[in-house]
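Data first, discussion second: the structure below is written as structure tokens.
The values are calculated or read from the model by the stated rules, or taken from the named source; none is laboratory data. Quick caveat, the model's predicted, so the values are computed rather than measured. For neighbour counting, all protein chains shown are included, and Cβ atoms are generated from backbone atoms with ideal geometry for every residue, glycine included.
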Amino acid sequence: MTSKERMARAMAGDRPDRVPVMCQMSIGHMLLQTGIPPHEFWFSEERFREGLLALRRRYDFDGILVSLHGHAPDWEKGIARMAREGDLTVVRWADGGRTEFPPDDLPRHYPGVPAARPDIARFDPDCVPERIEYIPVSPGLAFRLDPDHRLDAFRNVRDAAGAGFSIHGEVTSPLDYFLDLFGFAEGFLALADHPERSLAVLERFAAGVADLAIKQARLGLDAIKISSPYAGAAFISPAFYRRFVLPFESRIARAVRAAGVPVYTHTCGAVRDRLEMMAEAGVSGIECLDPPPLGNVELEDAKARLGGSVFIKGNIDPVNTLLFGAAAAVEADVRRRLAAGMPGGGFILSTACSIAPRTPAANVELLAPLAAEAGRYPAGPSA
């Protein structure tokens, strides 16, 4: 069975020959393990692709998540000056902005003229563009999508990886765009103080995200991930999740599945109180399921409650196990996750959230061999 077939079988809720392995990697981890200069890794589609492919080979993952796309081929033309400042690569732009690139983390961007945030009370939802123009990677950090090269990264990674691997696209939850537009504190307050206007803005973002997700799905990708990191219990209540997250992620999930492609949602932290609602969105799977102490989900409980309605991708603790654990501790933890996740199929072994920047590569290299040994299903009609 190829990696692509193995992943497809697991995402369909079935049992492949063995449990597939596929982890999301932090930008910092990819930088440290590939040695690609951080500004090139961030801006150059070719170098980004090179890093993804190299680490898939090294870790023997069954799939690749393409988390950045829309790279501009002429990204260097706006650079006024570039220099080293300590361990940072600092790019100064012709428009007066400055971007700092650490060797082990996301870049930090400081615009020449900071944009004023709109006031939700006066904001016209129709001002939200119909087409998604950027990825809100983290607070204050946007990755701009070149209008003529929005999907190049997906095509190029797919073609370079070959037909045997599962290639996943990614879109970002409408809630993230909402918080990026209004600010995090202001945005969460807006949900409470101006719910109807907030819903109208979220609807506009949902239309744009759904359109982008459909375009990715139609490329022939094997799955689409909805990144929704701020939808956990640390940020919003179950009632707010039902009102401000569920309808919009449901719209995206329906659109992707109508295109014949699996879709899964990624929400960090404590989600035990909303697992059923996450599945209610119509997604094919759920990712993260952070275990204690990072979150509050036990894999055995999630499997019992979700009852095969969605596939599960997780839930190795990326910090206490993979980053800080010795090899024996990693092995014991992985065997426990496999024992809990395998019954009935529909399980992909992964870190709960991203592989942390300074995670020892040797620990990550343990995952695929352990899945090949301890994650093998008995031969039979569904294997």
ask   = Looking at V364, V319, V330, which is the one that is more than 21 Å from L31 (Cα to Cα) and in the same structural domain as A270 (by TED's automatic domain parsing)?
value = V330
task = Provide a single number: the residues in the stretch 32-82 that are in a helix (DSSP H, G or I), under 17 Å from the mean Cα position of the chain (by Cα) and within 29 Å of A94 (Cα to Cα).
result = 4
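If you check A207 against the conditions, is it assigned to a loop (DSSP other than H, G, I, E, B), over 18 Å from the mean Cα position of the chain (by Cα) and of a type outside the set (D, E, K, R)?
Numbers: assigned to a loop (DSSP other than H, G, I, E, B): no; over 18 Å from the mean Cα position of the chain (by Cα): yes; of a type outside the set (D, E, K, R): yes.
Answer is no for this residue.
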Matching residues in the stretch 308-333 - criterion: being assigned to a helix (DSSP H, G or I) and touching a residue at least 12 places away in the same chain (Cβ under 8 Å) = P318, V319, N320, T321, L322, L323, A327, V330, E331, D333
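From the list G140, G187, G169, pick out the single residue that is on the phi > 0 side of the Ramachandran plot and either at pLDDT 95 or above or in contact with a His (Cβ under 7 Å, 6 or more places away or on another chain) (or both).
Values: G187 fails: on the phi > 0 side of the Ramachandran plot; G169 fails: on the phi > 0 side of the Ramachandran plot.
Result: G140 is the single residue among G140, G187, G169 that is on the phi > 0 side of the Ramachandran plot and either at pLDDT 95 or above or in contact with a His (Cβ under 7 Å, 6 or more places away or on another chain) (or both).
Assigned by TED's automatic domain parsing to the domain that holds G169 and either touching a residue at least 40 places away in the same chain (Cβ under 8 Å) or under 17 Å from the mean Cα position of the chain (by Cα) (or both): is that true of L294 in this structure? Before you say what the answer is, go through the steps one by one.
Values: assigned by TED's automatic domain parsing to the domain that holds G169: yes; either touching a residue at least 40 places away in the same chain (Cβ under 8 Å) or under 17 Å from the mean Cα position of the chain (by Cα) (or both): yes.
Yes: the conditions hold for L294.
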message = Among the residues of the stretch 276-284, are any small (G, A, S), in contact (Cβ under 8 Å) with a residue 40 or more places away in the chain and under 26 Å from H69 (Cα atoms)?
response = yes
key: Answer from A368, A383, A379, A340 - the residue that is modelled with pLDDT under 95, small (G, A, S) and touching a Phe, Trp or Tyr at 6+ places or on another chain (Cβ under 9 Å)   = A383
inquiry  = Which pairs turn up if I take residues in the stretch 17-42 that are within 30 Å of G341 (Cβ to Cβ) and look for partners that are acidic (D, E) and assigned to a helix (DSSP H, G or I) with beta carbon separation below 9 Å, at least 6 apart in sequence or on another chain?
reply    = D17/E5; R18/E373; T34/E50
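In the stretch 75-86, what residues are of a type outside the set (G, A, S) and either surrounded by 10 or more Cβ atoms within 10 Å (Cβ to Cβ) or in contact (Cβ under 8 Å) with a residue 60 or more places away in the chain (or both)?
Initially, the stretch 75-86 is screened for residues of a type outside the set (G, A, S), giving 75-77, 79, 81-82, 84-85.
Residues satisfying the conditions are W75, E76, I79, R81, M82.
Please pick out the residue among D211, D301, D193, D273 that is surrounded by fewer than 17 Cβ atoms within 10 Å (Cβ to Cβ), under 22 Å from P136 (Cα atoms) and not small (G, A, S). Can you show your working first?
Numbers: D301 fails: under 22 Å from P136 (Cα atoms); D193 fails: under 22 Å from P136 (Cα atoms); D273 fails: under 22 Å from P136 (Cα atoms).
That would be D211, the only listed residue that is surrounded by fewer than 17 Cβ atoms within 10 Å (Cβ to Cβ), under 22 Å from P136 (Cα atoms) and not small (G, A, S).
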ask   = Name the residues in the stretch 122-159 that are free of Cβ contacts under 8 Å to residues at least 12 places away in the same chain and of a type in the set (D, E), would you?
value = D124, D148, D159
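Kindly establish whether V256 is part of a loop (DSSP other than H, G, I, E, B), buried (at least 23 other Cβ atoms within 10 Å of the Cβ), in the same structural domain as V171 (by TED's automatic domain parsing) and under 21 Å from the mean Cα position of the chain (by Cα). Spell out the reasoning first.
Numbers: part of a loop (DSSP other than H, G, I, E, B): no; buried (at least 23 other Cβ atoms within 10 Å of the Cβ): yes; in the same structural domain as V171 (by TED's automatic domain parsing): yes; under 21 Å from the mean Cα position of the chain (by Cα): yes.
Considered against the rule, which asks whether it is part of a loop (DSSP other than H, G, I, E, B), buried (at least 23 other Cβ atoms within 10 Å of the Cβ), in the same structural domain as V171 (by TED's automatic domain parsing) and under 21 Å from the mean Cα position of the chain (by Cα), V256 comes out as no.
Are any residues in the stretch 334-359 within 22 Å of R56 (Cα to Cα) and part of a helix (DSSP H, G or I), and if so, which ones?
Pass one, the stretch 334-359, residues within 22 Å of R56 (Cα to Cα): 334-335, 337-338, 346-359.
Within the stretch 334-359, V334, R335, R337, L338 qualify.
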